[in-house]
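J.: Right, I'll just put the structure down here and ask away after.
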Amino acid sequence: MGTKTIKQYTLPAASLGNARTLKAIHYGDQSAGRKAYIQAGLHADEAPGFVVMHHLIDLFDRADAGNKMEGHMVLVPVANPIGISQWRDEFLQGRFDFFNNINFNRQYPDFAAQIAEQVKDRLGSSAEDNVALIRKTAGEILGGISPADEAAALKRQLLMLSFDADIVLDLHCDYQALMHVYLGTPLWQEAADLSAQLGAEVTLLAEDSGVTPYDEACSRIWWQLAKKFPDHPIPSACLAATVELRGMADVSHAQAQQDAQNIFWFLQRRGLIKGAAPELPPLPNEATPLRAVEHLKATAPGVVVFLKAPGDRVDKGEVIAEIVNPLADGSEDRITPVKSAVSGIVFSINTDRYARPGRILAKIAGKEPIKEKGENLLSP
Ligand SMILES: [Zn+2]
């Protein structure tokens, strides 16, 4: 007898007769006390995650049939029913809400202060009790939020499904990129097995990226509260990560099947699924600070010719791309070189080849911070 159940959540309609639904697949004992949550397509135009979900559902169905689910698992295969409907000029555009231009993975509620206010006199000396109290309080606060619009309702619903999970994986992809992972700094080294199992060549750490993406909304409250209440044990109880499944066009069954299998083994190693995972592969590279990432920007209009590709190691000052301006007549250069300000790994480049001043052309993971705390550390 399987444990799989499907729940539908209806978002408040933004247009008459157009209410959208969010589908969540639950496995295992929903009161197990251990929980993992995985979603794909919060940026709805990022395709690889949907195919990984397809293969993950296969793996979970088989594990469930074998009575192997140890925890409560929640899969949301299509996390953004608003974005997935936003077609324009032949392209799906699922990153920004057409209504207000807000990125679907930014500006999640930051409710640590509210939680702190409510738990400050009730925390004790048991980490386990503190975790339970904080989760209960977080659930009550989320339940009390009145979303201002459809996207806010979606954000609240996604958080309602995941705020009490031990593990949250938010599957994304970049433009043309290596597999990479974003994590809260306090979660590293404990979470190094995630990057190792996924084969992530770059892992980027921040305590606060400045814009509250989904994973941070789930995980950051724990170290915020731990800092605020140093006399009470408060562990980082939610390992939330944004997993960037390479580039937009990196969609294949072979790769998605392997990525799903890696996630499955990670969960198995964490005790959420019965059975032994194979030996953990070596971590490709040590994690680096998100504050050390250079978002390499164009300084001139033109057409970009990349001299480097994702995976290349570059030195500070090295030319990553050239911007070609065929109209240049001598008063300006036909070629504008774009140089890296850091030594590190090129982990993403843009997919199209048009530059305008200020546009991000490539992302390079350096080792030494080049940005201040509190700055927005993510791309738009
Ligand atoms: Zn994304």
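The values are calculated or read from the model by the stated rules, or taken from the named source; none is laboratory data. What you see is a predicted model; the values in this text were computed from it and never measured. Every residue, glycine as well, gets a Cβ built from its backbone with ideal geometry; the counts of neighbours run over all protein chains shown. With ligands, DNA and RNA removed, areas are computed over all heavy atoms of the protein, side chains included. Shrake-Rupley method; radii C 1.70, N 1.55, O 1.52, S 1.80 Å.
J.: Determine if the stretch 321-330 includes at least one residue that is farther than 29 Å from Asp45 by Cβ and surrounded by 14 or more Cβ atoms within 10 Å (Cβ to Cβ). Full working, then the answer.
T.: The first filter runs over the stretch 321-330 and keeps only residues farther than 29 Å from Asp45 by Cβ, leaving 325-330.
Right, trim to surrounded by 14 or more Cβ atoms within 10 Å (Cβ to Cβ) and you get 325, 328.
The answer is yes; a qualifying residue exists.
J.: Which members of the stretch 44-101 meet the condition of being within 16 Å of the ligand (Cβ to nearest atom), under 15 Å from Ile263 (Cα atoms), in contact with a strand residue (DSSP E or B) (Cβ under 7 Å, 6 or more places away or on another chain) and open to solvent by 10 Å² or more (accessible area, probe 1.4 Å)?
T.: Within the stretch 44-101, Phe50, Pro77 qualify.
J.: Then there's this: Pick out the one residue from Val181, Val168 that is open to solvent by less than 10 Å² (accessible area, probe 1.4 Å), touching a Phe, Trp or Tyr at 6+ places or on another chain (Cβ under 7 Å) and within 16 Å of the ligand (Cβ to nearest atom). Write out each step before concluding.
T.: On the way: Val181 fails: touching a Phe, Trp or Tyr at 6+ places or on another chain (Cβ under 7 Å).
Of the residues listed, the single one that is open to solvent by less than 10 Å² (accessible area, probe 1.4 Å), touching a Phe, Trp or Tyr at 6+ places or on another chain (Cβ under 7 Å) and within 16 Å of the ligand (Cβ to nearest atom) is Val168.
J.: Under 9 Å between Cβ atoms, at least 6 apart or on separate chains: pull out the pairs that start in the stretch 1-21 with a residue that is within 15 Å of Pro81 (Cα to Cα) and touching a residue at least 60 places away in the same chain (Cβ under 8 Å) and end on any residue that is small (Gly, Ala, Ser) and assigned to a strand (DSSP E or B).
T.: Tyr9/Ala24
J.: Would it be correct to say that Val293 is open to solvent by 50 Å² or more (accessible area, probe 1.4 Å), modelled with pLDDT of 95 or more and β-branched (Val, Ile, Thr)? Let's see the steps before the verdict.
T.: Values: open to solvent by 50 Å² or more (accessible area, probe 1.4 Å): no; modelled with pLDDT of 95 or more: yes; β-branched (Val, Ile, Thr): yes.
The answer is no for Val293.
J.: For residues in the stretch 333-368 being aliphatic (A, V, I, L, M) and surrounded by fewer than 20 Cβ atoms within 10 Å (Cβ to Cβ), which is farthest from Ile323 (Cα to Cα)? First the steps, then the outcome.
T.: Going residue by residue through the stretch 333-368, those that are aliphatic (A, V, I, L, M) are 335, 338, 341-342, 345-346, 349, 355, 360-362, 364-365.
From what's left, surrounded by fewer than 20 Cβ atoms within 10 Å (Cβ to Cβ): 335, 341, 360.
Numbers: Ile335: 6, Ala341: 17, Ile360: 13 Å.
Top of the filtered list is Ala341.
J.: Right, next: Restricting attention to the stretch 1-33, which residues are closer than 23 Å to Asn262 by Cα, out of contact with any Lys or Arg (no Cβ under 8 Å at 6 or more places or on another chain) and modelled with pLDDT of 95 or more?
T.: Result: Thr3, Lys4, Gly28.
J.: Test Ala254 against the criterion of being farther than 29 Å from Arg122 by Cβ and without any contact (Cβ under 8 Å) to a residue 40 or more places away in the chain, and give yes or no.
T.: Values: farther than 29 Å from Arg122 by Cβ: yes; without any contact (Cβ under 8 Å) to a residue 40 or more places away in the chain: yes.
Judged against the criteria, Ala254 is a match.
J.: Still on this model: Any residue at all in the stretch 224-242 that is over 17 Å from Val168 (Cβ atoms), at pLDDT 95 or above, in contact with a Ser or Thr (Cβ under 9 Å, 6 or more places away or on another chain) and within 16 Å of the ligand (Cβ to nearest atom)?
T.: no
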